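Step one of this worksheet: look at the structure below.
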Amino acid sequence: MEIFGLMCVPLYLILALVTAILFYIYATWTFDYFKTRGIPGPPPTPLLGHATGVSFFHKLKDWKQQYGDVFGIFVGRKPTFVISDLDILKEVLVKSFSSFRNRLKFQLIASPLSLSVFFLEDAPWKRVRNIISPTFSGGKLRRMCAAINDCSSTLTKNFYSDMMKTDGLIMKEYFGAYTMDVITQTVFGIKIDSQNDLNNPFVRNAKTIFSLPKARRLLPVLVGLVPCLEPILLKLGLGIFPQSVLDFFQNAVREIMKQRQNDTEEQQKKRSDFLQLLMEAEIEDDTDDDTNTANGQASDQQTLRRLSVDEIVGQGIVFFIAGYDTTASTLTFASYSLAMNQDAQEKTYKEIREVLGNAPPDYDNIGKLKYLDKVITETLRLYPPGPVLSRRASETVQIKGYTITEGQVIFIPVFAMQRDPQLFQDPDSFRPERHDEKINPLTFLSFGYGPRMCVGMRLALIETKIALTHLLRSIKLEPMPDTQKVLTFKIANILTPEKDIRLKLSPRKLYDD
């Protein structure tokens, strides 16, 4: 083809050029969204936006310092707010919760995991949340402390048997085994020894969940670019979590439930695991629920609702996934922080000695360990397992001069906020005493905030406190020569240290001064 009578250009080159121009326009079409609204933010990459790898959450701290408490990024081509302004967050997480009740929509979550309280939305989420919340009541958690103490004793014995290793102990390996033992007992009512029985099917499948290849972790990015691929990938078993792992947990939960159908009432009463509690849990239908209407009118007689078998299975799987790595990480970071801060470790030890003596920790007496509570809170401030929260607008809302449109996502940079010098003095230092002072609760978001905060928070804290009580009153923690003084982290969606945390452990003379 001749252009302006000067030269002949092949048609395929012209088509390729036009295609490239059109693709670029498509790939950047939305990228002036924040600029036209006067909202700052880092420059995006065409088509991918800021989702150019497995995770961009590690960049939020630097971006917050550069662009302030409200800025914009792009997940693919979708404009997304990053907000750490406390007034706006109070509106989003509490006051206008009905408009922000859902999280970022997760891709490639197969059933029955998609029926869990973490992934459900709107009315189904509300119904399931209302059913499972009472299973975390004080009375029910109190009954679980015997199992947690049993697992904590095993943890301490395992530390003792290996503490003479000259190259130190990788703390996450021991704490991971501990949390797995706790979860299998408190959730499924099954006792395993994951520290020693590495061939146990629960151990094998759990490790598979948390060692996903990078290619699988990139699948959500692909689905974000080509949404029509999601049902195809799910049918092929290419969800976020391997289908074989989900099938294992699904079959295990169904088999346990089947076995319990023949239990006597006395046997059922003796069980205190969450699976049994979920099987028995029920609520009354809300009058605003469309499932209980006749001729468009709410029925005067409300019916009792229970979880379906698939819903119970979904909760069991998500309890396992959510509780295994997060609590193990918190215990690992707490042990590291105490090893690096010997004064805080000794103060915690003396409190345990003076308050509990030889008494086993339980639901009631661990509440008296005030300094230990501050140690855990400070650990979670510095090292929140989830570095970011998300909320999605179900309608267009205006807050403090910003318009958040229906379907738009808000990221809340938890890690960045909890290390913000404007919110915490000397924010990178481990100082449990800082929690003597009253703080704005929105500055500490390790468990979330508002109606959708972590439903398992109390169990996680009990599990952490009991483990540390057993550990600290008989073992002293010290850093190894090569232990990082300032931790660096992997690029991941869960806060993970770049190098394994290895510590030196030595026996502590009970009650020596």
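All of the numbers you see were taken from the coordinates with simple rules; none came from a lab. Note that the structure is predicted; figures quoted are calculated from it, not measured. Positions of Cβ are generated from backbone atoms using ideal geometry, with glycine treated the same way; all protein chains shown enter the neighbour counts.
If we count other beta carbons within 10 Å of each Cβ, what is the order of 136, 333, fewest first? Could you put the intermediate results ahead of the total?
Working: 136 17, 333 26.
Sorted ascending by nearby Cβ count, the order is 136, 333.
Expressed in nm to one decimal, what extension gain is obtained for the pair residue 426 and residue 491 from 0.36 nm per residue of sequence separation less their Cα-Cα distance? Between residue 426 and residue 491, full extension yields 20.9 nm more. Prolate is the label for region 198-275, because a/c, from the alpha-carbon gyration tensor with a ≥ b ≥ c as root eigenvalues, is 1.5 or above and a/b exceeds b/c.
Cross-link partners for residue 35 among the aspartates and glutamates, with Cα-Cα distance under 19 Å and sequence neighbours closer than 8 places in the same chain left out: 69. Stretching the chain fully between residue 346 and residue 87 yields a gain of 89.4 nm (0.36 nm per residue, less the alpha carbon separation).
The label-point distance for residue 162 and residue 24, in a model that sets each label 7 Å from Cα toward Cβ, rounds to 5.5 nm. Per-residue extension of 0.36 nm, minus the Cα-Cα distance of residue 191 and residue 133, leaves a gain of 18.4 nm for this segment. Assuming a ≥ b ≥ c are the square roots of the Cα gyration tensor eigenvalues, decide whether region 332-388 counts as rounded (a/c under 1.5), prolate (otherwise, with a/b larger than b/c) or oblate. It is oblate, given that a/c is not under 1.5 and a/b is not larger than b/c.
Looking at the square roots a ≥ b ≥ c of the eigenvalues of the Cα gyration tensor of region 414-471, which shape do they give, rounded for a/c under 1.5, prolate if a/b is larger than b/c, or oblate? Judged from the Cα gyration tensor, region 414-471 comes out oblate (a/c at least 1.5, b/c at or above a/b). Amide H to amide H distances under 5 Å link residue 508 with 475, 476, where only residues 5 or more positions off or on other chains count and H is placed in the peptide plane. Across region 391-397, computed HN-Hα scalar couplings (Karplus, 6.51 cos²θ - 1.76 cosθ + 1.60, θ = phi - 60°) run 9, 10, 6, 8, 7, 6, 10 Hz from first to last residue, x flagging Gly and Pro. Beyond 23 Å in Cα-Cα separation lie the following of the pairs 90/438; 165/490; 235/490; 157/374: 165/490; 235/490; 157/374.
Charged side chains reduced to their Cβ positions (Lys and Arg at +1, Asp and Glu at -1) give the chain a dipole of some 740 debye around its Cα centre. Working note: Karplus 6.51/-1.76/1.60 with θ = phi - 60° gives region 357-372 the couplings x, 8, 5, x, x, 9, 4, 7, 7, 5, x, 7, 8, 5, 6, 4 Hz, where Gly and Pro are set to x. What's the FRET efficiency of residue 200 with residue 453 using the Cβ-Cβ distance as r and R₀ = 45 Å, to the nearest 0.05? Efficiency computed from Cβ-Cβ geometry: 0.90. Using just its DSSP H runs of length 4 or more, each adding -39500 (n - 2.57), the chain gives a mean residue ellipticity at 222 nm of -13500 deg cm²/dmol after division by all residues. Taking the DSSP beta bridges with both ends in the chain, the antiparallel portion is around 95 percent. In plain terms, the residue of 154, 405, 464, 135 with the fewest other Cβ atoms within 10 Å comes first and the most crowded comes last, giving 405, 154, 135, 464.
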